[in-house]
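Nothing in this text is a laboratory measurement; each read-out follows from the coordinates by a stated rule. Because the structure is a prediction, the values reported are computed rather than measured. Neighbour counts run over all protein chains shown; Cβ positions are idealised from the backbone, glycine included.
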Amino acid sequence: MHPPSITAAYLAVFALLYAGLSLQVVRLRRKFRFAFGDGGNNELRNAIRAHSHFAEYVPIIALMVAMLEITGLPRIWGYTWRWEHFSLRGFSTHLACTPSHGPRNSRSAVQAV
């Protein structure tokens, strides 16, 4: 059994990406002066959602890939699999396919019906 070196390298890059997403949320919160929530601001809401999606999906996928690597998945499959799932193209496709979470307030709910 060998340590998951490929996964470790990707996790280092993902840690930097996560820090960048966190700093983006902090910057926008300061800019728009919202300590909690998004205040209806689309730019802040998108930054919060990108940060939260990253925090939700990357750990479990990294854990699954580490398990595959530990159990003997050939290295070429590890590189290929990660590239497809963590590429910007795949991430942007995910964002484009994510359904909206419904109306933001009761007025828009009435207008939507």
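If amide hydrogens are placed 1.01 Å from N in the peptide plane, which non-local residues have theirs closer than 5 Å to the one on residue 34?
When sequence neighbours closer than 5 places are left aside, there are no close amide H contacts.
Per-residue HN-Hα couplings for segment 46-51, Karplus 6.51 cos²θ - 1.76 cosθ + 1.60 at θ = phi - 60°, whole Hz, x for Gly and Pro?
Ordered by residue, 3J(HN,Hα) equals 5, 5, 5, 5, 4, 4 Hz.
How large is ³J(HN,Hα) for each residue in segment 11-26, as worked out from phi by the Karplus curve 6.51 cos²θ - 1.76 cosθ + 1.60 (θ = phi - 60°), to whole Hz, x for Gly and Pro?
5, 5, 5, 5, 5, 5, 5, 5, 4, x, 5, 5, 5, 5, 5, 4
Multiply the residue separation of residue 67 and residue 53 by 0.36 nm, subtract the distance between their alpha-carbon atoms, and state the gained length in nm to one decimal.
Using 0.36 nm per residue and subtracting the Cα-Cα distance, I get 2.9 nm.
Would you please put 46-57, 27-38 in order of how densely packed they are, using the mean number of other Cβ atoms within 10 angstrom per residue and starting with the highest?
Descending packing order for the listed peptides: 46-57, 27-38.
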